[in-house]
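One structure below.
The values are calculated or read from the model by the stated rules, or taken from the named source; none is laboratory data. Every value quoted in this text rests on a predicted model; they were computed, and no experiment measured them. Virtual Cβ from ideal backbone geometry, glycine too; neighbours counted across all protein chains shown. Ligands, DNA and RNA are stripped out before the accessible areas are found, and what is left, the full protein with its side chains, is counted by its heavy atoms. Shrake-Rupley method; radii C 1.70, N 1.55, O 1.52, S 1.80 Å.
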Amino acid sequence: MMLYKNKAWIGALTPLVLSACTALDSSSDFSHSIASVDTQLNHIQVTGNEYKPEFKAIKGPSILKSSLTFVDNYPLNDSSKLSSYIAMNVSYFQSYDEYKTVNYNGQQLPLKKTQPSTSSCNEHCTATQYFTFPMTPENIDLASKEGLAFTLTSSNATMTTDFTVPAGYIDTIHKTAIANANKAPTVTTTTPPATPVTTSKAEEMVQYWYAEATPQQQQAFSAWAFQNRTEITTQLVGDAKPTEMMSYWYEKSSKEEKIHILKWLLEQ
């Protein structure tokens with residue numbers, strides 16, 4: 001069985017307006033929470049518009065500003081390995097510490113840095129962090145009903161801040177993912193007898209460096225490869241050697257080799 005990409009139906013099926021409006025807050029109309037809907041081979045990705053969460057400093061400096069985006073990766077089949085996540089940035093008066101973990105629903109998870117922290121100094125010095133943390137299907141279902149409350153904490157607990165996101169924001173994005181997934185077209189074909197296939201140099205190198213990569217690097221590469229399956233329009237972020245080499249050989253591969261690489265990634 002093969003699943004083919006078909007975007008023609010996305011606009012008709014998305015029950016909510018796709019909007020590039022300014023950042024949402026707790027007083028916003030959450031029917032305008034959707035920034036984009038994208039169909040991949042094995043999942044639907046719905047990205048929310050930027051949201052400004054409410055926050056309260058429990059310990060350490062208060063937040064100067066913050067925003068987040070919920071990305072719901074809804075699986076279309078069992079081969080989907082991408083998890084949903086919250087992507088966030090926070091700015092605060094610079095200190096000697098920074099946020100390292102997130103706590104919510106009785107669990108503590110490390111923050112995954114998406115780009116180096118930045119700082120600027122005028123009258124006062126401020127720092128900005130950029131990171132993500134995962135959202136399991138169980139956590140998404142709960143947040144869709146009760147909202148999401150989480151706490152960011154630094155390594156030495158000198159910085160502790162509570163954040164809240166209303167249920168309407170999470171629920172709108174999740175329901176949009178479900179609606180599109182339920183209507184995703186599938187095409188079945190008769191699989192011909194297997195024939196020996198010669199693996200190219202580019203394919204071999206991608207497979208080698210994939211094996212050397214961490215699960216997070218593998219996930220990031222897979223998502224990037226599918227997003228750039230026809231032509232390279234974005235660069236894979238990351239300075240680790242496996243990430244660098246996987247993106248190099250994928251960019252160097254031919255159109256046919258890319259198809260083989262994507263098929264191989266689906267089998268992992």
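Of the residues 46, 122, 180, the one whose Cα sits farthest toward the positive end of the charge dipole of the chain, with +1 on the Cβ of Lys and Arg and -1 on the Cβ of Asp and Glu, is 180. In nm, what is the difference between 0.36 nm times the number of residues separating residue 216 and residue 78 and their Cα-Cα distance? Taking 0.36 nm per residue and subtracting the Cα distance, the gain is 47.8 nm. Each residue was assigned an accessible area with a 1.4 Å probe, and for residue 201 the value is about 120 Å². Against the chain, whose longest principal axis comes from its Cα atoms, helix 255-266 is set at around 60 degrees. Using the Cα centre as the reference, give the magnitude of the dipole from point charges on the C-beta atoms of the chain (Lys, Arg: +1; Asp, Glu: -1; all else neutral), rounded to the nearest 20 debye. In debye, rounded to 20, the chain gives about 260. Relative to the dominant Cα principal axis of the chain, helix 241-252 is inclined by about 50°. Would you mind checking the pairs 65/241; 65/112; 175/255 and listing those with alpha carbons more than 30 angstrom apart? With Cα atoms farther than 30 Å apart: 65/241; 175/255. Think of the range 19-117 as a dipole: +1 on every Lys or Arg Cβ, -1 on every Asp or Glu Cβ, centred on the Cα centre; then among 57, 83, 32, 57 lies furthest on the positive end.
Expressed as a fraction of 2.2 N^0.38 Å, the rule-of-thumb size for a compact globular protein of N residues, what is the C-alpha radius of gyration of the range 65-113? It would help to have the intermediate numbers written out before the result.
Working: Rg = 14.3 Å, N = 49, 2.2 N^0.38 = 9.7 Å.
The value comes to 1.49.
Could you tell me how many degrees, from 0 to 90 and to the nearest 10, lie between the Cα long axis of helix 137-146 and the main elongation axis, the longest principal axis, of the Cα atoms of the chain? That works out to roughly 40 degrees.
Given the choices [x] 65, 42, 34; [y] 87, 66, 34; [z] 74, 49, 41, Cα extents along the principal axes in Å derived from the coordinates of this structure is entry [x].
Would you rank 257, 138 by solvent-accessible area, highest first, keeping every protein chain in place and using a 1.4 Å probe? Display every interim value, and only then the final one.
Details: 257 40, 138 125 Å².
The most accessible residue leads, giving 138, 257.
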